[in-house]
Amino acid sequence: MLCVIALTTGAPSANASLLYDRLEISMYGRMGAAWDPTSGRYVMGQRMNVTGSAIGGRLEEGDYLEPAVKLHLLAPSTDTSAPYVDFVITPAMYSQNGLFAGGASNNGDPLVISLSQAYIEAGNILLPTLRVWGGARFYRGTDVHIADIFYFNNLVGQGGGVMYGPLDLAIIMQGSLNSGQYNYDVNQDGRLDSRDIRRQRTVFVAQYVHKLEAGHSFHGLAELHLLPAAKVTRQSDGAVVGLNADLGWVLGAKAHFDLGNGSFNDMSIRYGSRAASGARGGAQTYYSFGQANTEGVFDDSAGIQAVDHFLYNFGNSFSLNAYAILNWSQGLRNLTDAEGGPGTTVGSAMDFGVGARGEYYFTDHLHLIGEVHYNGVKQAEVAGGDLATALKLTIAPTFVPLGGRTMWARPHFRLFYTAAFYNNAAALGLVSSYQQVVSDNGRPVKVGHYLGTRVEWWF
């Protein structure tokens, strides 16, 4: 913050020039507005997808702002083998009610302000290609932008790591989730007691990237999750209550194929077991699926994520970006009355999304975007266990003021219309948040309409 003040007040000075050389500011953000043209209702931020996530298309997402500041504590050099020390801090701001307008504080709806990153990284100091980092960071790799998912190795958290050439080792701590994995209802008042009992997950991560000629590479991933026991003595009767120790593990493999001219194809698969089984809706492996058993551990939980993502540029006139994402999960769930409840059984859930964005470049500044997405979810708790699906079709004329015949040119000014078609299970279950907003008194919604404007930027 002091650096920013020095750069924006008073006349230029030698110190200000030095600070400018050492300071980088980047930004991602989006803002817009949207309506359901058939009812006139405001639907900004209400997803039409049935997956509970952006898997199935992200254009209905709410406003979001993420500035990042990188301070070079050791002056940067054009030589990639030169020593460096960087400090990075990234706050984020988003609304729980669709848009920023009217948001005033972090103490309630609709505005939320959070700190996403704050870490220091140093490299090439003790040994060439040796890098070390510590703090909280976006510890993750590639994403499917049109489905807004960081997949395969999304391990955002707090900790530290060492990277040496193609080898990447890290220890990540996670204890901020408010769930039965980390808290226990000590006094039996129906609420988790975060102050009386809390435990922190420790994740050991190993990754290795083997690069080949022509830009191809293969990526291996291994994770070990440890959850220590957390127990207290209940004051009234002296009984010892709490959470037993648990663990989980993850293995994954990813291949990147460089097709030239900015085109590529990425394929990955990841398997998580026990307390590291998160996969549902593209979740991080921290989010174990299902319930703990009578011993308080996740022995019956497992999750698989498989992703194929490609981009192909047809000269400078058209680009096609497409993906296929499958998440399968298994874990304990409660028996329904029809199944003979109460009690538990091992159940499974599946969600998927396939989609594509085509972008035609009329000129450097005028693009036409078209999208098609098909997504679905199947689990016992949704629409009686039937497969709920949505088909979405979008047309989006786009103005690109800085120009460029590439999908990554920004900023974008978009006007877009989306039509969504739901099957019976999705229509009756009102599975998407969009359906829940536009439905009258639980009326099934089989067809949805979404008319929106959006500006999206990054630099």
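Values as computed for the structure displayed
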item	result
For segment 109-153 versus segment 241-317, the gap between their alpha-carbon centres in whole angstrom	18
Hull volume in cubic angstrom per residue (convex hull over the Cα atoms of segment 263-339)	99
Candidate lysines for bridging to Lys254, where Cα separation is under 21 Å - those fewer than 8 sequence places away on the same chain excluded	Lys211
Chain lengthening between Ser236 and Ser263 when straightened (0.36 nm per residue, less Cα-Cα)	3.2 nm
Distance (nanometres) between label positions extended 7 Å along Cα→Cβ at Ile395 and Ala338	4.1
Computed magnitude of the charge dipole of the chain (debye, nearest 20; Cβ of K, R +1, Cβ of D, E -1)	280
Accessible area (Å², 1.4 Å probe, nearest 10) - Leu332	20
Estimated inter-spin distance, Trp35 and His210, nm [label 7 Å along Cα→Cβ]	5.8
Highest to lowest packing among 52-63, 205-216, 311-322, 135-146, scored as the average C-beta count within 10 Å	52-63, 135-146, 311-322, 205-216
Two-site label geometry, Ala229 and Asn97: point separation in nm, points 7 Å out along Cα→Cβ	4.7
Accessible area expressed per residue, the chain, with surrounding protein chains retained (probe 1.4 Å, Å²)	47
With every protein chain in place, the chain: carbon and sulfur % of accessible area (1.4 Å)	60
Percentage, to the nearest whole number, of Cα pairs in segment 23-174 over 20 Å apart	61
Relative pair counts by distance (%), Cα atoms of segment 185-242, 10 Å bins	18, 29, 17, 14, 12, 8, 2
Solution diffusion estimate, µm²/s, Stokes-Einstein, segment 208-342, Kirkwood Rh from C-alpha pairs, 37 °C, viscosity 0.692 mPa s	184
The chain - Debye-derived log10 I(q)/I(0), Cα point model, q = 0.06 Å⁻¹	-0.31
Rounded D (µm²/s) - segment 407-459, Kirkwood Rh over Cα pairs, Stokes-Einstein at 37 °C, 0.692 mPa s	255
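The values are calculated or read from the model by the stated rules, or taken from the named source; none is laboratory data. Please read all numbers here as calculations on a predicted model, not as lab measurements. For neighbour counting, all protein chains shown are included, and Cβ atoms are generated from backbone atoms with ideal geometry for every residue, glycine included. Each accessible area value is taken on the protein alone, full model and side chains, heavy atoms only, with ligands, DNA and RNA left out. Shrake-Rupley method; radii C 1.70, N 1.55, O 1.52, S 1.80 Å.
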